[in-house]
1. Are any residues in the range 285-313 part of a helix (DSSP H, G or I) and surrounded by 19 or more Cβ atoms within 10 Å (Cβ to Cβ), and if so, which ones?
2. For the range 352-379, give me the residue count where each residue is part of a helix (DSSP H, G or I) and more than 16 Å from Val266 (Cβ to Cβ).
3. Looking at the structure I just gave you, is Pro50 assigned by TED's automatic domain parsing to the domain that holds Lys119, surrounded by 11 or more Cβ atoms within 10 Å (Cβ to Cβ) and at pLDDT below 85?
4. Return the residues of the range 325-351 that are assigned to a loop (DSSP other than H, G, I, E, B), surrounded by fewer than 20 Cβ atoms within 10 Å (Cβ to Cβ) and out of contact with any Asp or Glu (no Cβ under 9 Å at 6 or more places or on another chain); say none if nothing qualifies.
5. Determine if the range 197-215 includes at least one residue that is modelled with pLDDT of 95 or more and within 23 Å of Ile155 (Cα to Cα).
6. Hey, does the range 115-137 have a residue that's modelled with pLDDT of 90 or more and either assigned by TED's automatic domain parsing to the domain that holds Leu61 or out of contact with any Phe, Trp or Tyr (no Cβ under 6 Å at 6 or more places or on another chain) (or both)?
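The values are calculated or read from the model by the stated rules, or taken from the named source; none is laboratory data. This is a predicted model, so every value here is computed, not measured. Virtual Cβ from ideal backbone geometry, glycine too; neighbours counted across all protein chains shown.
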Amino acid sequence: MWSKDALVQKRERFWVLVAGGSTSSAACDAVGVDRRTGRRWRQPTGGRVPLPKPKLSGRYLSVEERVQIADLHLTGTSMRMIAVEVGRSAGTISRELARGGSKTGPRARTRYAPYAAQKQAEHRGRRPKGSKFDHPELASLVQAKLCVKWSPEQISDHLAVVFPDRQEMRVSPETIYQALYVQGRGHLRADLHQHLRTGRAIRRPRRPAAKNSGKIPDMIMISQRPAEVADRAVPGHWEGDLILGSNCRSAIATLVERQTRFTMLVHLPGDHNAITVRDGLLATIKTLPERLAKSLTWDQGTELAQHKQITLATKMAIYFCDPHSPWQRGTNENTNGLLRQYFPKGTDLSIHSPERLLEVATELNNRPRKTLGGITPAQAMQRLLSNPEKPIVATTA
């Protein structure tokens, strides 16, 4: 078994002899290889002495490495030993043999063709590549879903369900983002980024937002919350918060049911002090069946200073998160991010009527969620109401 360097030296010596007038058979005998190896070396050039090639990036397998892989594979060498000899990872060798081998016949394992594999690799590496959105049906469908504020991940999952046997109608979330963010990477309308949750035309790193908190008397902390709330096995446990308008002068209260992700929006006319928030929450909570109003988890904002009155009126337990711990009500944080598509930061939220809030909540509840297995929060809530004994499978926020 030859090392990589020894095989390269033999091949170079072989071509020196051929260039000096030796026959292929004589050159093979002189360098100590069989004639099948000599034919394999001559095949890509038609027997002509190859011209020097520019050095390729070490990231990709060279034709010399592919020939060495073929030689070692024919002798029955294991993939791990081939990897050691070639100086590549075993995963690289495994993928290369899978791509470059014959797919038929009982001896498929021995039919790795190095020169055909090299041509396939060159073809795959050609640039520029066509866009998935050259397909007009796919582009039209993706644009329609973006316009109703579906996320790229929701669109990708939806296409996989609707078109399981049509590869041309499948697209990854990243491909959609690339088409929206990177000029020349797709054929979607340039204004569609406005329908994303962030509304941005470029990517930005996320930065945690600071949250003001105040001391509220008689708080029951989240550490005292029953275990059944954390695992989402029992419905009726909610998370809530305020989304604030420009200069914190207006607000909308948001409620999200942890198991179904069903969202309710609370109209807060005039201001969002503790009395207004109490009255708004009471009016909304009282529309729920008693079995769906078990608990509410909130942050330590002073707008919920009247929490004891809410509990007395509704029998709904209220728990408070630790300071600066938004992940403790992650479902609500996620939902508030979605709602910012409808209620952008820095705008006056008091202009939105209760009817508009209901319209937005309805649209949001009719968007499919991956965490619900592709169904919508509205469908999950309807299943819960029609069959209370059958739990909804829900995962993280």
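1. Residues of the range 285-313 part of a helix (DSSP H, G or I): 285, 290-292, 302-304, 307-313.
Those that are part of a helix (DSSP H, G or I) and surrounded by 19 or more Cβ atoms within 10 Å (Cβ to Cβ): Ile285, Leu292, Glu303, Leu304, His307, Ile310.
2. Filtering the range 352-379 down to residues part of a helix (DSSP H, G or I) leaves 354-365, 370-372, 377-379.
Those still in the list that are more than 16 Å from Val266 (Cβ to Cβ) too: 363, 370-372, 377-379.
The total comes to 7.
3. Working: assigned by TED's automatic domain parsing to the domain that holds Lys119: yes; surrounded by 11 or more Cβ atoms within 10 Å (Cβ to Cβ): yes; at pLDDT below 85: yes.
Yes: the conditions hold for Pro50.
4. Pass one, the range 325-351, residues assigned to a loop (DSSP other than H, G, I, E, B): 325, 340-348.
Imposing the further condition that a residue be surrounded by fewer than 20 Cβ atoms within 10 Å (Cβ to Cβ) reduces the set to 325, 340-342, 344-348.
Within the range 325-351, Arg340, Gln341, Pro344, Lys345, Gly346, Thr347, Asp348 qualify.
5. Taking the range 197-215 first, the residues modelled with pLDDT of 95 or more are none.
The answer is no, given that none of the residues of the range 197-215 is modelled with pLDDT of 95 or more and within 23 Å of Ile155 (Cα to Cα).
6. Restricting attention to the range 115-137, the residues satisfying the condition of being modelled with pLDDT of 90 or more are 137.
Subset that is either assigned by TED's automatic domain parsing to the domain that holds Leu61 or out of contact with any Phe, Trp or Tyr (no Cβ under 6 Å at 6 or more places or on another chain) (or both): 137.
Yes, there is a match, as at least one residue in the range 115-137 is modelled with pLDDT of 90 or more and either assigned by TED's automatic domain parsing to the domain that holds Leu61 or out of contact with any Phe, Trp or Tyr (no Cβ under 6 Å at 6 or more places or on another chain) (or both).
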